[in-house]
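Engineer: First the structure, which I've put down as structure tokens, then a few questions once you've had a look.
The values are calculated or read from the model by the stated rules, or taken from the named source; none is laboratory data. This is a predicted model, so every value here is computed, not measured. Heads up, the Cβs are rebuilt from the backbone with ideal geometry, glycines too, and the neighbour counts pull from every protein chain shown.
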Amino acid sequence: MGTKNVHTLHDWALGINSEKNQKGSKRELITWTHKGEIMQDTKICPACGEEIKAIAKKCPHCLTWQSKWKIDQSNPKYQLFWLTIFFVFIALAFYFRISVSSKLSTADFEESRQLITIEKTKMNYTTKECGGYISILGTITNNSSITWENFYFEARFYNADNILIDSLSDNDYNLVVLPGSNSTFKIGGNTDKLEEEYDHFEIILKKAREANALF
């Protein structure tokens, strides 16, 4: 047969502590001591520092759960750690998307470049307080079987002697061209040249992205 732990009355020490409550009356806290260990009826909330019942599962002051896992979750350092992890993950995912998308779409575009033509282009020169502004309108025709978007153009400008005097690079992110169709595009930029210096120009389509690509 097993033995039972039997404690006699002299094994326990009764302690009575008095303290005042908010109304000014006293209340007594009774604690029992057994072999040097104190059985307390209150404890301190690790989140807000307020005194609460020892058996409380949730602090009535700050509403923090008293389990170690819940307390860690409410710790600002804990929250900052996971917030940092979240943003690092988002940044890596975004970088992966951009890098992979650029490689895949460039390869596909090179195969279809000859099937995409630019025509009916027209240059417009506007004088502003800070200098000149050049805008180019044109039509792009997609003869491929792929829907393209996010076109990146380069414009090269020449004088009457056929000398390159200026260039312009611009994106048209809103442009989407379906297979077998055409659409109007517009690019523009500032210049420090005078209007009479420009004689003719050419438009080069540098790259585009497949509209239904995974990234």
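Engineer: Inspect the stretch 157-174 for any residue being under 13 Å from THR121 (Cβ atoms) and either among the aromatic types (Phe, Trp, Tyr) or surrounded by fewer than 17 Cβ atoms within 10 Å (Cβ to Cβ) (or both) and give the result as yes or no.
Structural biologist: Yes - at least one qualifying residue is present in the stretch 157-174.
Engineer: While we're looking at this one, here's another question. Based on what the data block shows, is LYS193 basic (Lys, Arg), closer than 27 Å to THR147 by Cβ and surrounded by 13 or more Cβ atoms within 10 Å (Cβ to Cβ)?
Structural biologist: In short, no.
Engineer: How many of the residues making up the stretch 203-215 are modelled with pLDDT of 90 or more and exposed (fewer than 13 other Cβ atoms within 10 Å of the Cβ)?
Structural biologist: Qualifying residue count for the region: 1.
Engineer: The conditions are (1) in contact with a helix residue (DSSP H, G or I) (Cβ under 6 Å, 6 or more places away or on another chain); (2) of a type outside the set (D, E, K, R); (3) modelled with pLDDT of 95 or more, and PHE157 fails exactly one of them. Which is it?
Structural biologist: Tallying (1) in contact with a helix residue (DSSP H, G or I) (Cβ under 6 Å, 6 or more places away or on another chain); (2) of a type outside the set (D, E, K, R); (3) modelled with pLDDT of 95 or more, PHE157 fails exactly one: (1).
Engineer: Kindly indicate whether any position in the stretch 129-145 is charged (D, E, K, R) and free of Cβ contacts under 8 Å to residues at least 60 places away in the same chain.
Structural biologist: yes
Engineer: Let me ask something else about it. Looking at the stretch 138-152, is at least one residue outside any strand (DSSP E or B), at pLDDT 95 or above, on the phi < 0 side of the Ramachandran plot and in the same structural domain as HIS200 (by TED's automatic domain parsing)?
Structural biologist: no
Engineer: In addition: Restricting attention to strands (runs of 3 or more DSSP E) lying wholly within the stretch 15-121, give those where 2 or more residues are surrounded by 13 or more Cβ atoms within 10 Å (Cβ to Cβ) and at pLDDT below 75.
Structural biologist: 26-34
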